[in-house]
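> One structure, pasted below without further comment.
The values are calculated or read from the model by the stated rules, or taken from the named source; none is laboratory data. These numbers were taken from a predicted model, which means no experiment stands behind them. Positions of Cβ are generated from backbone atoms using ideal geometry, with glycine treated the same way; all protein chains shown enter the neighbour counts.
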Amino acid sequence: MWLFSRKGSSGFSGNSTAEEVTAGINGDGLTAIVTGATSGIGAETARVLALRGVHVIMGVRNMAAAMEIKEAMARDIPSAKIDAMELDLSSMASVRKFASEYKSSGLPLNLLINNAGIMATPFMLSKDKFELQFATNHLGHFLLTNLLLERMKKTAVESNREGRIVNVSSRRHQLSYPEGIRFDNINDPSGYSSLPAYGQSKLANVLHANELARHLKEEGVEITANSVHPGVVDTDIFRHHKLFRGLVNLVGRCIVKSVQQGAATTCYVALHPNVKGIHGKYFGDCGVAKPSSQSDDVDLAKKLWEFSSNLVK
């Protein structure tokens, strides 16, 4: 994968794996939620965090698959602390139930990895009648973060350790609809296009992290919020897009990262000491990257925050 071999200021490159970027880091005493942890980069993120001593809670739709992942990780990492809780991010009721059960558990929360996502689906509405990609990739994570934020603040104070929120976005955020977010017709099938709709949801991930970072800074809370682009990774997320699937099959390793490489930036931003105190940035290949001009639009971020807050009431 020569395209990703150049090292950045962090000392890592697009070729670096999640294990490599977290080598020597002790995550003992930390607790993390990783959404979408039964496959792809979510599963690898959960595995590597557990390898570093973090207590990982997998937020997943498929509990049977989660149990298989948990058992496999336990075989490979006997010391791993891994649990699973049911979470369907396309359902606001499921998100609220997950958050309520998590808070009732008394567990602390140091790291929130908003990883789960779907890509380029045909037009569909969620259980709450929201466009499915926007609901799953953004709204569910927006609500989950809001509901767990007080637990994270409490943990940061009691543990005297910085909390970190990581939104897994995509470079595709640069190719949303022309207006960025279709506030006036978010659920309208007319004009719907699967890839721009995916870009819209990924733009929302970046805008959410940026606006959340501003809120946290104003409060003086020791919690950071950032977004990441994992790279083009060969996972099941391409199942709804035959063109991308064909491209991956054709050029393979020249442009596509392995799952181990795809999880590297998420794990770097979640655990590495180099990222301490860094707020509202967009990362790629384990370094700060340049996002789209729309994602730097403060007014757009504020409007999305208010819009999302009203939708999840």
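> With small (Gly, Ala, Ser) and touching a Leu at 6+ places or on another chain (Cβ under 7 Å) as the only criterion, which of 116, 156, 135 stands out?
After applying the criteria, what remains is 116.
> While we're here: Of all residues being of a type in the set (Gly, Ala, Ser) and closer than 17 Å to residue 47 by Cβ in segment 80-94, which is farthest from the chain's Cα centre (by Cα)? Just the residue, please.
In this case the residue turns out to be 80.
> Looking at segment 144-151, is at least one residue assigned to a loop (DSSP other than H, G, I, E, B) and either modelled with pLDDT of 95 or more or surrounded by fewer than 21 Cβ atoms within 10 Å (Cβ to Cβ) (or both)?
For segment 144-151, residues assigned to a loop (DSSP other than H, G, I, E, B) and either modelled with pLDDT of 95 or more or surrounded by fewer than 21 Cβ atoms within 10 Å (Cβ to Cβ) (or both): absent.
> Residues 281, 217: which one is modelled with pLDDT of 95 or more, surrounded by fewer than 20 Cβ atoms within 10 Å (Cβ to Cβ) and over 18 Å from residue 119 (Cβ atoms)?
Going through 281, 217 in turn, the sole match is 217.
> Within segment 196-206, is there a residue that is modelled with pLDDT of 95 or more, of a type outside the set (Gly, Ala, Ser), under 15 Å from the mean Cα position of the chain (by Cα) and closer than 17 Å to residue 111 by Cβ?
Yes.
> Can you tell me which condition residue 123 does not meet? The list is (1) surrounded by fewer than 20 Cβ atoms within 10 Å (Cβ to Cβ); (2) among the hydrophobic types (A, V, I, L, M, F, W, C); (3) without any contact (Cβ under 8 Å) to a residue 40 or more places away in the chain, and all the others hold.
Tallying (1) surrounded by fewer than 20 Cβ atoms within 10 Å (Cβ to Cβ); (2) among the hydrophobic types (A, V, I, L, M, F, W, C); (3) without any contact (Cβ under 8 Å) to a residue 40 or more places away in the chain, residue 123 fails exactly one: (3).
> What is the number of the single condition among (1) over 14 Å from the mean Cα position of the chain (by Cα); (2) polar (S, T, N, Q); (3) within 19 Å of residue 287 (Cα to Cα) that residue 169 does not meet?
Result: residue 169 fails condition (1) only.
> Taking segment 267-308 as the region of interest, how many residues are outside any loop (DSSP other than H, G, I, E, B), over 29 Å from residue 30 (Cα atoms) and not charged (D, E, K, R)?
8
> Now for a different question. Do you know which of the residues in segment 157-169 that are buried (at least 21 other Cβ atoms within 10 Å of the Cβ) and not charged (D, E, K, R) is nearest to residue 31 (Cα to Cα)?
So the residue we want is 163.
> Additional query: Tally up the residues in segment 152-204 that are aliphatic (A, V, I, L, M) and under 17 Å from residue 297 (Cα atoms), please.
4
> Moving on to the next point. Does residue 67 qualify as being out of contact with any Pro (no Cβ under 7 Å at 6 or more places or on another chain), free of Cβ contacts under 8 Å to residues at least 24 places away in the same chain and more than 20 Å from residue 155 (Cα to Cα)?
yes
> Hey, another quick one. Among the residues of segment 152-193, write down those that are of a type in the set (Ser, Thr, Tyr) and at pLDDT below 95.
190
> When only residues in segment 173-185 that are crowded, with 17+ Cβ neighbours inside 10 Å and touching a residue at least 40 places away in the same chain (Cβ under 8 Å) count, which is nearest to residue 272 (Cα to Cα)?
If we take residues in segment 173-185 being crowded, with 17+ Cβ neighbours inside 10 Å and touching a residue at least 40 places away in the same chain (Cβ under 8 Å), then 173 is nearest to residue 272 (Cα to Cα).
> Tell me which helices (runs of 4 or more DSSP H) are completely within segment 39-113 and hold 1 or more residues being touching a Leu at 6+ places or on another chain (Cβ under 6 Å), surrounded by 22 or more Cβ atoms within 10 Å (Cβ to Cβ) and not aromatic (Phe, Trp, Tyr), or say none if there are none.
Counting at least 1 such residues, we get 92-105.
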